[in-house]
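Data first, discussion second: the structure below is written as structure tokens.
The values are calculated or read from the model by the stated rules, or taken from the named source; none is laboratory data. Predicted model, so just to flag it, every value in this text is computed and none were measured. Glycine gets a Cβ as well: all are built from the backbone with ideal geometry, and neighbour counts include every protein chain shown.
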Amino acid sequence: MLTLLLYVSIVGLVATVLFLLAGALFGRSEELGPLPEGTTATILPVENISGADVRALRFQQVVRGYKAGEVDWALARLAARIDELQAQLAEAQSASTGAATGQDRS
């Protein structure tokens, strides 16, 4: 029984020494500091936001936050609507350009 206790103590001592040695050699992991108040890591273009931009959005996870599934669902709907509206706008602009070109020829 004394031998088992001695082996466990030696293994614990060796593990502690290895842990401290690894900590001294490799550091305590370089953690990033918190973001300043009022800033975010979320990125969106200033102009011409597309559905792909909305689909690519990712938010920070916090203890008291929103359900990820609900946020993903809302972003998917917004992205689809943005794509739809941009297609309608492009169609309307091409129609007005075509109408203006047709009037110039007459």
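Worth pointing out:
- Selected residue [at pLDDT 80 or above and either assigned to a helix (DSSP H, G or I) or of a type outside the set (Ser, Thr, Tyr) (or both)] from Ala90, Ala41, Ala99: Ala90
- Some residue of the stretch 11-31 being touching a residue at least 24 places away in the same chain (Cβ under 8 Å) and in a loop (DSSP other than H, G, I, E, B): no
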